[in-house]
Amino acid sequence: MHSNQEGAADRAFPGRVQPLDSRDRGSDEASSCGLPRCRRRLDASGERVVVAHSLSCVLWLHAAARGMKQLRYADRVLLVAPPSGSVLARYPEVAAFAPPAPDFTLPGPTRLVAGDDDPYCPEGAGTLFAEPLGLPADILPGAAHLDLEAGYDSWPAVLDWCVDGIAPLTPRPGLR
């Protein structure tokens with residue numbers, strides 16, 4: 001998470017923002033989504049919102065496809081710019097990590113937001129993910145991979161959605 005986003009998120013959810021960090025990478029827990037340790041860092045009060053970007057979306061989908069019980073600890077999930085298997089297949093480091101077949105049910109309310117021109121999902125996230133999984137989706141024109149390169153550092157609409165769950169996921173103000 002970019003530092004100015006962490007500050008805004010921490011103001012909206014004091015003491016509750018728990019991103020996975022470098023200690024989660026490469027561990028056995030990370031291979032099981034890092035969720036057990038992340039859950040231990042959170043208390044039982046309040047709504048738990050997961051925001052996953054790119055490969056983190058694929059990680060969440062693999063966990064859901066496997067029926068991991070830890071996923072029930074998320075009240076809402078936002079999948080941001082998931083990459084397609086055809087793109088991941090081009091990179092030996094992640095080729096075996098292609099998204100699972102969408103023949104499972106997600107454990108709770110999930111929404112998808114993606115660019116209509118995402119180079120990491122040329123088939124379209126709506127077609128590959130939202131439609132087969134029955135997810136509401138916001139496909140944003142010209143938003144690419146919704147990353148820093150596309151101009152998405154601080155993104156107020158996502159923070160608003162995290163706070164209330166109904167805010168529209170609109171393009172970041174001031175782009176293009």
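Computed from the coordinates by the stated procedures, all read-outs in this text should not be read as laboratory data. Not measured: the values here are computed from a predicted model. No Cβ is skipped: glycine too gets one built from the backbone with ideal geometry, and neighbour counts run over all protein chains shown.
Numerical summary
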| quantity | calculated |
| --- | --- |
| Rg over Rh, two decimals, the stretch 134-176 (C-alpha only, Kirkwood Rh) | 0.96 |
| Length released on extending from Val163 to Ser86, taking residue separation times 0.36 nm less the Cα-Cα span | 24.3 nm |
| Where labels lie 7 Å past Cα in the beta-carbon direction, separation of Glu131 and Ala96 in nm | 3.2 nm |
| The stretch 39-176 pair-distance distribution - Cα-Cα, 10 Å bins, rounded % | 12, 43, 35, 10, 0 |
| For Leu140, distant residues with modelled amide H under 5 Å away | Ala114, Gly115, Asp116 |
| Length-normalised contact order for the stretch 49-176 - Cα pairs under 8 Å, 6+ apart - percent | 21 percent |
| Sequence ranges 83-96, 102-115, ranked by mean other-Cβ count within 10 angstrom, highest first | 102-115, 83-96 |
| Linear extension gain, Phe104 paired with Arg72, 0.36 nm per residue minus alpha-carbon span | 10.0 nm |
| Zero-based 5 Å bins, Cα pair distances in the stretch 92-153, whole percents | 4, 17, 23, 22, 19, 13, 2 |
